Amino acid sequence: MMTNSAFINLRRGIAMGAMAVAIVNAPGAMAQTAREAELEARLNQLEAAVSALRSELTQARAEQQTSTQIAQKADSRVAALEAKPASDGFKVGATTFKLGGFVKVVGSATRYDDGAVPGGSLGKEFYLPQQIPVGGQSSRDIIGHARQTRLSFSTSTPLGGKEIKSVVEFDFALAAAPLGAQRATNPYTPTFRRGFISYGNWLIGQEWTTFQNPGHLPETTDFVGPMDGAIFVRQMMVQYKQPLGGGFDLYLAAENPQTETETTTAPALVDNDQDRIPDLVAKLAYKGAIGELHVAGLVRQLSVRNNGVGDTAMGWGITTGGKIPFGPDGRHDLRFLATYGHGMGRYFTVGYAPDAIYDSAIGNQLHVLDNVAGFAALKLGWTPTIRSTFMVGYQHADYPGGILLPDLANKAAYSLAGNLFWSPVKNLDFGIEYRHAQREVVSGLKGQMDRVEMAAKYTF
């Protein structure tokens, strides 16, 4: 049996052993606490880094969203600007100024069956039936030029609740080429085309005659195309336009007179500047769902007077024409013109035939001609950018009987042509065209022409 003293000694031994064990194990425990503190510090650093990354990511996402919104707004503004019509011209005060026109480059190869065209002649550069040679040997000609290039300048100013407008336009096409022009620099003289003022319903100045509608001329690599069947006059006029409603407009005009005659011995036209009454024109024009149509009438006085001797005669004419679109998106159209007249030869084809024959040999009297002319053109839009036009033109001059006539006076002309145009981008056109034409004179001689022509045109 354990005594009290032994029990006390045992308790003391156990306590001392526990203390020894604690002393032995104390360094390991202290070391474990330091590692945990280090790990905890590293964990805190990692959490701080993750938090920073989260902040940066949140900021980047916000910046990206802002950039996207800015880009979307920019795209919307660009789209709005593109959808908005481009500014047309520029303003100085209340007046809007505009500059327009086109650059046109043409190259052609021509075969004449019955003669050669003299150097510098306009017939080398565009189709003029009166310059097809007759009675000679065949010839060939190649030429290139940019003479059809055109410039126009216009203004518009509000005035009294309306607009007063002006137009000035010129090109280089109708002036005779200077001698030796093609030798080195190909200089050509600008030629005045149009210049007029318009205010409200009134137009005063030089413009296309009211007797025609130039918008009905077909697309061609040539200057005009079916020149033999066309009305082609620009002159001084006072014109009044009255809208009638329903797409109809009435035009009334007094235009510059000019009597053109031939003698009994020479086919060259004679300018007579003794006219006393302006040419009077009335035209009814329609523009609507079916297209464009017009009918016009002309009344004029022919007058020749030299040294108190001369004669007068009445002339008149009637014409009708139109442009009828059809097919998908109106890509096709039919254009036509038919004209009959008495004493109005100068209105056709830049004067293919005279208004009258006048000569002292026939009693100083005007012997007036009758004329009939017309053209038809069919445009086919193969695609939105590729198209063709096929056209035919004709003119016949009926001379009065019982008088002597020059053998080379023009009697009839016709032409056939077809072309292909390609517009790769807006306002840029490339075309190629073939034309066959014939001229007949009073003596019965005929001359024929075949021409292949290419053109490039940029409109601005």
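The values are calculated or read from the model by the stated rules, or taken from the named source; none is laboratory data. None of these values were measured; they are calculated from a predicted model. Glycine also receives a Cβ, built like all others from the backbone with ideal geometry; neighbour counts cover every protein chain displayed. When the accessible area is computed, the model is the full protein with side chains, heavy atoms only, and any ligands, DNA or RNA have been set aside. Shrake-Rupley method; radii C 1.70, N 1.55, O 1.52, S 1.80 Å.
Karplus-derived 3J(HN,Hα) values for region 97-114, using 6.51 cos²θ - 1.76 cosθ + 1.60 with θ = phi - 60°, are 10, 9, 10, x, x, 7, 10, 10, 10, 10, x, 9, 10, 10, 10, 9, 6, 9 Hz; glycine and proline are entered as x.
Within region 228-370, antiparallel bridges make up roughly 95 percent of the DSSP beta bridges whose residues both belong there.
Tell me the carbon and sulfur percent of the accessible area for the chain, rounded to whole percent, probe radius 1.4 Å. Kindly include the intermediate steps, with their values, before the conclusion.
On the way: 15240 of 24760 Å².
With neighbouring chains kept in place, the figure for the chain is 62 percent.
Computing FRET efficiency as 1/(1 + (r/R0)^6) for I142 and W382, where r is the C-beta to C-beta distance and R0 is 41 Å, gives about 0.90.
Pairs of alpha-carbon atoms within less than 8 angstrom and 6+ residues apart define the contacts here; what relative contact order does the chain have, in percent? Rounded, it is 13 percent for the chain.
Couplings 3J(HN,Hα) of region 189-200, computed from phi: 7, x, 10, 6, 9, 9, x, 8, 10, 10, 8, x Hz, in residue order, whole Hz [Karplus 6.51 cos²θ - 1.76 cosθ + 1.60, θ = phi - 60°; x for Gly and Pro]. Using a probe of 1.4 Å on the protein chains alone, the accessible area found for I164 is around 60 Å². Accessible surface for E207 stands near 30 Å², nearest 10, in the context of the full protein assembly shown (1.4 Å probe).
Counting only protein heavy atoms and a 1.4 Å probe, the chain has 54 square angstrom of accessible area per residue.
State the extension gain, in nm to one decimal, for the chain segment bounded by A184 and I362, taking 0.36 nm per residue of separation less the distance between their alpha-carbons.
So the chain would gain 59.2 nm between A184 and I362.
With a cut-off of 16 Å, note down the residues of region 253-291 whose backbone N falls inside the zone around a label point 7 Å from the Cα of W316 toward its beta carbon. Inside the label zone: 279-283. Once semi-axes √(5λ) of the Cα gyration tensor in Å is calculated for the structure shown, the corresponding label among (1) 61, 44, 23; (2) 89, 28, 22; (3) 93, 27, 19 turns out to be (3). When the Cα gyration tensor is reduced to axis lengths a ≥ b ≥ c, the ratio a/c is 1.5 or higher for region 195-304, and with a/b not above b/c it is classed as oblate. Diffusion coefficient of region 254-411 by Stokes-Einstein, Kirkwood radius over Cα pairs, 20 °C, 1.002 mPa s: 123 µm²/s.
Structure note, pairs K124/K411; K162/K283; K379/K411; K165/K323; K241/K287: Cα-Cα distances above 19 angstrom occur for K124/K411; K162/K283; K379/K411; K165/K323.
Between V309 and V442, what FRET efficiency follows from the Cβ-Cβ distance if R0 is 25 Å, with the result rounded to 0.05?
0.45
For a Förster distance of 56 Å, can you work out the FRET efficiency between the beta-carbons of D273 and D329, rounded to the nearest 0.05? Once the sixth-power term is evaluated, E becomes 0.65. Protection proxy ranking for 356-367, 88-99, using the average of other Cβ atoms within 10 Å per residue and placing the highest first: 356-367, 88-99. In summary, the lysines within cross-link reach of K73, defined as a Cα separation below 20 angstrom excluding same-chain residues under 8 places away, comprise K84. Calculated translational diffusion coefficient of region 385-460 (37 °C, 0.692 mPa s; Stokes-Einstein with Kirkwood radius over alpha-carbon pairs) equals 220 µm²/s.
For region 132-216, the relative contact order works out to 22 percent when only alpha carbon pairs closer than 8 Å and six or more residues apart are counted.
Its Cα gyration tensor gives region 106-189 an equivalent ellipsoid; the semi-axes, largest first and in whole Å, are 38, 15, 10. Dividing the summed helix terms, -39500 (n - 2.57) for each DSSP H run of n ≥ 4, by the number of residues in the chain produces a 222 nm estimate of -6500 deg cm²/dmol to the nearest 500.
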